[in-house]
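Structure first, commentary second.
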Number of protein chains: 2
Amino acid sequence: MSKPPLPKLEDVARLAGVSTATVSRCLNQPNQVVEATRKRVQKAVDELGYMPNFNARSLAAKRSKIVGAVIPTMENAIFARALQVFQERLSEEDFDLLVASSSYKPDVEEKQIRSLVSRGVDGLLLIGTKRDPKIYEFLQEREIPFVIAWSFYDQLDASEYGQLVGFDNEKAMATIVQLVIDKGHQKVFMLAGIADNNDRAAARIAGFRSKMAEYNFKEAAVIECEYDIDKARKAFAGMRQSHGTPTALICANDVLAVGAVLEAQSQGLDVPGDISITGFDDIEIASIISPSLTTVHVPHGSLGLHSANTLLAKIHDEPSIKDMELDTYIVERQSLAAPKT
Amino acid sequence: MSKPPLPKLEDVARLAGVSTATVSRCLNQPNQVVEATRKRVQKAVDELGYMPNFNARSLAAKRSKIVGAVIPTMENAIFARALQVFQERLSEEDFDLLVASSSYKPDVEEKQIRSLVSRGVDGLLLIGTKRDPKIYEFLQEREIPFVIAWSFYDQLDASEYGQLVGFDNEKAMATIVQLVIDKGHQKVFMLAGIADNNDRAAARIAGFRSKMAEYNFKEAAVIECEYDIDKARKAFAGMRQSHGTPTALICANDVLAVGAVLEAQSQGLDVPGDISITGFDDIEIASIISPSLTTVHVPHGSLGLHSANTLLAKIHDEPSIKDMELDTYIVERQSLAAPKT
DNA sequence: GTCGTCAATGTAAGCGCTTACATTTGCTTT
DNA sequence: AAAGCAAATGTAAGCGCTTACATTGACGAC
């Protein structure tokens, strides 16, 4: 219950026989202080076990050394790896990470963004571009550096939307659809993510649709489904009932693909014998499930790393920061084959 | 480049024609303010788009509404779910989450704990009990409420170690070993986690060893291996070379088990025909891999939820907060069977 | 009508730092 | 040895809030 008041900067100053300003300088710009004093101060710091109060520092200096990240969920592998790398990179520069997860709800996300800004974050990591424009206005007004990860579109004006570090979801999806078509599939359906408020999910659907249109494939069913294995199983089952069974099913992500594979198998279908199924993301389970998933590899680690670097650059006001488009590529495994003839 | 100074509490006060204290009260203890003034203040807040500066608040009020969490990694499913639930629960009480991941390195963890404390976190979530005692002293001195998740031991003095919210790793492991023995296995090896600096990994090994000793099984090889599928594959391959092939392999976690299963299969072994393999944790892949894993179910969500509740209780200084032991149970799936006769 | 009480509000002193500006120190120049 | 100058240090004014304490005013008791 005894609360021995913690040493403050002033105590250190007194013990070291210098002014508070000098102590502060030792801590923040050590090179402005001559070695002798610096050592004396260091000794006082050690002796008292002094630790700076970051809130006071943030208040006085108007920078917090905290960056915020609002992600849809930390529960699944998609963002976990990127977030981990992001955090590690920031850590190197002594930034801490304030995370919030929005559960894909726009209103929750907005609240969290505002909260983080209130906390004085120096920068912000956001996922995807789709959100209420007034959030962007807000961020601009407050001059908060931010980067948007996971999405990339040529046509977007980057200066308006902070910096983009992502990949072209539409193009990537079109590429894998092309591959499926090249294998000879004609009846191709899609199990998609929920496109509402999610530009990545929407872009993947667009990629599918445009490629299908290119080949004049009609009636390519697209069913949207939440990010969940069991829901994917049900969605796939429902799809078979209402639209029949395609020879190939394109899934908007690996989790949906896993659900589809499991359901197909439990309904007696052979994958890829009776039906080919492709994923997107290339998370761990993609290579573990049997058959392993042919999928689009997304560079999760790079997304995290480059997001961090770009954000740091913006925070430090470095010139000529560019949007960054990362590459995806297809990983061919077992779940895609030519259709039975 | 125009930086219109953000409205501060004083501006709101002036516009509403009240004192700063009243505005502050409206924001923090609205019931102490009569409705008429409250409305007037609210109007001023809206009009100015005022947002409080949390750093100033934290400095003045000596509470930050931030809790910190230092976890070994956010990259894998083990902690992700718990962290997500933890965050959601805290969110309900308007706490934000400052996360750091230590990559299982004690020195990194210590640094991060100190950094979080410097940031004035109101509470701390730590994983496992094993760490330098001076960290506990430090936390006690600073009177930082903290809870330790994932571990639970009867014999530990809770008051010394903050609060425990976990399960008995040793007992849980002993239970699944018992099951394996009951199936008739006699040659049982273990693929363990790295026990150094990790009380959970150590406890799981202890559970294995004590149960094996109980049955007088000698030569039960225990190989430690990092948390990684590929490393597990190699470790399992190495184990076969040096110790031969057991009829059952107990793995300290599902990731190791998956690695072992994949390697076994690629070496032409049937699981569970030629070798039974068990996991621990019951993460998603456990039920997706083929054969699905018989494993110990760990209540990840509950760990997160109860950790949050316990921490909140400590922060609010509620009396009689107890350590909490959560239950685990075995999920029998396909990877465990009786040995060939 | 006066006083006491209590709820509502105001006053102002910090919270522990940073930093612009002022001052001192220790050199180099001449 | 005096002058001049840059580097090192000191002084003190905030940063935007909270809160202990003081003040005000409304109302009922006497």
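The values are calculated or read from the model by the stated rules, or taken from the named source; none is laboratory data. Not measured: the values here are computed from a predicted model. Here the Cβ positions follow ideal geometry from the backbone for every residue, glycine too, while neighbour counts run over all protein chains shown.
The table below lists the values:
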| quantity | calculated |
| --- | --- |
| Selection count where residues are touching a strand residue (DSSP E or B) at 6+ places or on another chain (Cβ under 8 Å) and either within 14 Å of chain A (Cβ to nearest Cβ) or surrounded by fewer than 24 Cβ atoms within 10 Å (Cβ to Cβ) (or both), scope the range B:232-245 | 5 |
| Matching option when the condition is at pLDDT 95 or above, over 25 Å from the mean Cα position of the chain (by Cα) and in the same structural domain as B:K183 (by TED's automatic domain parsing), among B:V255, B:V261 | B:V261 |
| Selected residue [more than 14 Å from DNA strand C (Cβ to nearest atom) and outside the structural domain of A:V147 (by TED's automatic domain parsing)] from A:Q42, A:Q29 | A:Q42 |
| Top-ranked residue of the range A:72-83 - restricted to ones that are under 13 Å from A:S307 (Cα atoms) and more than 7 Å from every other protein chain (Cβ to nearest Cβ), ranked as surrounded by the fewest Cβ atoms within 10 Å (Cβ to Cβ) | A:F79 |
| Qualifying residue in the range A:109-128 (condition: part of a helix (DSSP H, G or I) and farther than 18 Å from B:F54 by Cβ) | yes |
| Any hit, the range A:140-162, residues being at positive phi, surrounded by fewer than 22 Cβ atoms within 10 Å (Cβ to Cβ), part of a loop (DSSP other than H, G, I, E, B) and assigned by TED's automatic domain parsing to the domain that holds A:G304 | yes |
| Out of A:L27, A:L48, A:L6, sole residue that is in contact with a Gly (Cβ under 9 Å, 6 or more places away or on another chain) and hydrophobic (A, V, I, L, M, F, W, C) | A:L6 |
| Count of residues meeting criterion [farther than 20 Å from A:L90 by Cα and facing chain A (nearest Cβ under 7 Å)] in the range B:84-108 | 2 |
| Only one of A:K130, A:K111, A:K62, A:K134 that is more than 17 Å from the chain's Cα centre (by Cα), of a type in the set (K, R) and within 28 Å of A:E170 (Cβ to Cβ) | A:K134 |
| Any pair with Cβ under 6 angstrom, 6 or more apart, that starts in the range A:52-63 at a residue that is touching a residue at least 60 places away in the same chain (Cβ under 8 Å) and assigned by TED's automatic domain parsing to the domain that holds A:G120 and ends at one that is assigned to a helix (DSSP H, G or I) and within 7 Å of DNA strand C (Cβ to nearest atom) | none |
| Candidates A:F95, A:F79, filtered to the one that is on the phi < 0 side of the Ramachandran plot and within 16 Å of DNA strand C (Cβ to nearest atom) | A:F95 |
| Candidate set from the range A:283-329 (those that are within 15 Å of the chain's Cα centre (by Cα), aliphatic (A, V, I, L, M) and closer than 20 Å to A:D154 by Cα); member that is surrounded by the most Cβ atoms within 10 Å (Cβ to Cβ) | A:L311 |
| Complete set of residues in the range B:284-329 that are charged (D, E, K, R) and either within 16 Å of B:W150 (Cβ to Cβ) or part of a loop (DSSP other than H, G, I, E, B) (or both) | B:D317, B:E318, B:K322, B:D323, B:E325, B:D327 |
| Some residue of the range B:31-39 being free of Cβ contacts under 8 Å to residues at least 60 places away in the same chain, in contact with a Pro (Cβ under 9 Å, 6 or more places away or on another chain) and charged (D, E, K, R) | yes |
| Any helices (runs of 4 or more DSSP H) falling wholly within the range B:1-96 and containing at least 2 residues that are within 15 Å of DNA strand D (Cβ to nearest atom) and not hydroxyl-bearing (S, T, Y) | B:9-16, B:20-28, B:35-48, B:54-61 |
| Among the residues listed as B:F54, B:F95, the single one being farther than 24 Å from A:Q84 by Cα and among the aromatic types (F, W, Y) | B:F54 |
| Tally of residues being in a strand (DSSP E or B) and within 22 Å of A:I78 (Cα to Cα) across the range A:178-231 | 5 |
| Count - residues of the range A:261-282 that are surrounded by 24 or more Cβ atoms within 10 Å (Cβ to Cβ), among the β-branched types (V, I, T) and not in a helix (DSSP H, G or I) | 3 |
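Each row is one residue, and each column tells you yes or no for (1) within 9 Å of DNA strand C (Cβ to nearest atom); (2) within 11 Å of chain A (Cβ to nearest Cβ).
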| site | (1), (2) |
| --- | --- |
| B:P5 | no, no |
| B:V12 | no, no |
| B:S19 | yes, no |
| B:S24 | yes, no |
| B:V33 | yes, no |
| B:L48 | no, no |
| B:F54 | no, yes |
| B:K65 | no, yes |
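Every residue, every condition in (1) touching a helix residue (DSSP H, G or I) at 6+ places or on another chain (Cβ under 6 Å); (2) over 20 Å from A:R131 (Cα atoms); (3) surrounded by fewer than 22 Cβ atoms within 10 Å (Cβ to Cβ), yes or no:
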{"site": "A:C26", "(1), (2), (3)": "yes, yes, no"}
{"site": "A:Q32", "(1), (2), (3)": "yes, yes, yes"}
{"site": "A:K39", "(1), (2), (3)": "no, yes, yes"}
{"site": "A:E88", "(1), (2), (3)": "no, yes, yes"}
{"site": "A:D94", "(1), (2), (3)": "no, yes, yes"}
{"site": "A:S103", "(1), (2), (3)": "no, no, yes"}
{"site": "A:V108", "(1), (2), (3)": "no, no, yes"}
